[in-house]
Protein chains: 2
Amino acid sequence: MKSERKTRSNALGQKGRQTRQEIVRRAAPLFNRQGFAGTSMSDLMQATGLQKGGLYRHFPSKQSLAQEAFDYTWEKAVSERLDGVDKVPGSIPRLKAMIDNFVEKRAHLVPGGCPLLNTAIESDDGNPTLRARARKALAAWTSRLSTIVSEGIKSGEIAPSVNPAELADTVVATLEGALMISRLRQSEASLHTARKHLSATLDTLTPHR
Amino acid sequence: MKSERKTRSNALGQKGRQTRQEIVRRAAPLFNRQGFAGTSMSDLMQATGLQKGGLYRHFPSKQSLAQEAFDYTWEKAVSERLDGVDKVPGSIPRLKAMIDNFVEKRAHLVPGGCPLLNTAIESDDGNPTLRARARKALAAWTSRLSTIVSEGIKSGEIAPSVNPAELADTVVATLEGALMISRLRQSEASLHTARKHLSATLDTLTPHR
């Protein structure tokens, strides 16, 4: 009897987790396109097919749903940007591969542009919880890039005068700024320009022999 | 009698224009910090000290007030960024002066960060009217930078292989991306990194002799 009850509760728990995950999946494009303030409860009800009570059963607030939606959207962005990067030999080619991914790989992204950029801009004057999420995402991304640069310095591929954290910030700033321009103009040109510029910059970082 | 009526109407007209301008001035920081969707009618009523009817007497909609607030905020940003730039001799020092202004001159800005970046990010998935405003602002800024580069090519200061529009995009992307990072981290470091990087880039653009 005890094990039967346990089985049933696990089954319900699993269904609950699936519903929860499905809510996040459907809410993610709304938050990424329209922002936190621009996404209403009725938008969320329409997208999920749930009533307010059904949504609140899974998430105590719009804020908590937005946070999980951010993590979901960011996770998809990171997998695209880092896809195959570790297999590339050499630090500079590895940085270039990440830049290529940023410019080209979009198939599995949640629509609405970069969640880091969107959430940073919306939350920088308020919403400390979402802001903390975006800060953490930025820190993880720049630290990953920074590690690739440090490895390149250690192996002698990159000049020791290069500051890994500064180079990581430059790459992220250039790509995110170019994405803003690209989305505003509805043209990919500025992303290609950013890639060309960063690629030329990276080519100057080898030690002078 | 006719001239008396005209005088009175001019006086009222001037007062109306002053009130209108004052509404824009007070609404601008709200829209720039909180975004269009994040700024409610009651926020606007509180900031201006007017009732809904009073606001609608001057602006037919929140949208039309937001547009004028964007123009007001952008105009302040442009004056700071271009302050003194024309007096600097030489194209590369002129571009550097604009970058210095972007990094350092903040005293007269409307709080909330760059209105172009904020409005671009919020409007890129909707709000075509605000988006058009942001596009126009971006076009004016990049075209100004592009002209400085073209003049430098003409005068022989900058290599003819440099593409003025691409260089303008690179400068804007790097600065705006760095501003996003800076505001998210609440640290100016990424802006200084961007300046150092752009300055080094500009120094490579002289023709090879």
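What's the number of the only condition in (1) surrounded by 22 or more Cβ atoms within 10 Å (Cβ to Cβ); (2) assigned to a helix (DSSP H, G or I) that A:HIS192 fails to meet?
Of everything listed in (1) surrounded by 22 or more Cβ atoms within 10 Å (Cβ to Cβ); (2) assigned to a helix (DSSP H, G or I), A:HIS192 misses just condition (1).
Looking at (1) in contact (Cβ under 8 Å) with a residue 40 or more places away in the chain; (2) surrounded by 20 or more Cβ atoms within 10 Å (Cβ to Cβ), can you tell me which one A:GLU157 breaks?
(2)
Quick one: how many residues across region A:21-40 are within 12 Å of A:THR73 (Cβ to Cβ) and crowded, with 19+ Cβ neighbours inside 10 Å?
Summing the residues that are within 12 Å of A:THR73 (Cβ to Cβ) and crowded, with 19+ Cβ neighbours inside 10 Å in region A:21-40 gives 6.
Taking the stated definitions as given, is B:LEU145 in a helix (DSSP H, G or I) and within 12 Å of chain A (Cβ to nearest Cβ)?
No.
Quick one: which residue in B:ALA132, B:ALA159, B:ALA165 is more than 21 Å from B:VAL103 (Cα to Cα) and either facing another protein chain (nearest Cβ under 8 Å) or touching a His at 6+ places or on another chain (Cβ under 8 Å) (or both)?
The conditions single out B:ALA159.
Please find, within region B:128-154, the residue that is farthest from B:PHE31 (Cα to Cα) out of those that are among the small types (Gly, Ala, Ser) and touching a helix residue (DSSP H, G or I) at 6+ places or on another chain (Cβ under 7 Å).
B:GLY152
I'm checking my understanding of the structure. Among residues of region A:24-74 that are charged (D, E, K, R) and in contact (Cβ under 8 Å) with a residue 60 or more places away in the chain, which one is nearest to B:PRO128 (Cα to Cα)? Show your work before the answer.
The first filter runs over region A:24-74 and keeps only residues charged (D, E, K, R), leaving A:25-26, A:33, A:43, A:52, A:57, A:62, A:68, A:71.
Retained after the next criterion (residues that are in contact (Cβ under 8 Å) with a residue 60 or more places away in the chain): A:33, A:71.
Values: A:ARG33: 14, A:ASP71: 28 Å.
The extreme case among them is A:ARG33.
In region A:168-185, which residues are within 8 Å of another protein chain (Cβ to nearest Cβ) and free of Cβ contacts under 8 Å to residues at least 12 places away in the same chain? Lay out the reasoning, then the answer.
Just the residues of region A:168-185 that are within 8 Å of another protein chain (Cβ to nearest Cβ), to begin with: A:169-170, A:172-178, A:180-181, A:183-185.
Residues satisfying the conditions are A:ALA173, A:ILE181, A:LEU184, A:ARG185.
Could you say which residue among A:ASP125, A:ASP203 is surrounded by 15 or more Cβ atoms within 10 Å (Cβ to Cβ), of a type in the set (D, E, K, R) and more than 19 Å from the chain's Cα centre (by Cα)? Break it down into steps so the answer makes sense when it comes.
On the way: A:ASP203 fails: surrounded by 15 or more Cβ atoms within 10 Å (Cβ to Cβ).
None of the other options fit; the residue is A:ASP125.
Considering each of A:SER40, A:SER61 in turn, give the residue that is more than 14 Å from every other protein chain (Cβ to nearest Cβ) and modelled with pLDDT under 95.
Result: A:SER61 is the single residue among A:SER40, A:SER61 that is more than 14 Å from every other protein chain (Cβ to nearest Cβ) and modelled with pLDDT under 95.
Anything in region A:42-56 that is surrounded by fewer than 12 Cβ atoms within 10 Å (Cβ to Cβ) and assigned to a helix (DSSP H, G or I)? List them, or say none.
Matches in region A:42-56: A:SER42, A:LYS52, A:GLY53.
Can you tell me how many residues in region B:57-92 are surrounded by fewer than 16 Cβ atoms within 10 Å (Cβ to Cβ) and over 12 Å from the mean Cα position of the chain (by Cα)?
11
Here's a check for you: in region B:93-118, which residue that is surrounded by 18 or more Cβ atoms within 10 Å (Cβ to Cβ) and outside any helix (DSSP H, G or I) is farthest from the other protein chains (Cβ to nearest Cβ)?
Result: B:LEU109.
Do we have B:ILE121 as within 14 Å of another protein chain (Cβ to nearest Cβ), in contact (Cβ under 8 Å) with a residue 24 or more places away in the chain and part of a helix (DSSP H, G or I) here?
Answer is no for this residue.
The values are calculated or read from the model by the stated rules, or taken from the named source; none is laboratory data. Treat the numbers as computed from the prediction; the structure is a model and nothing was measured. Note that we place each Cβ from the backbone using ideal geometry, even for glycine, and neighbour counts take in every protein chain shown.
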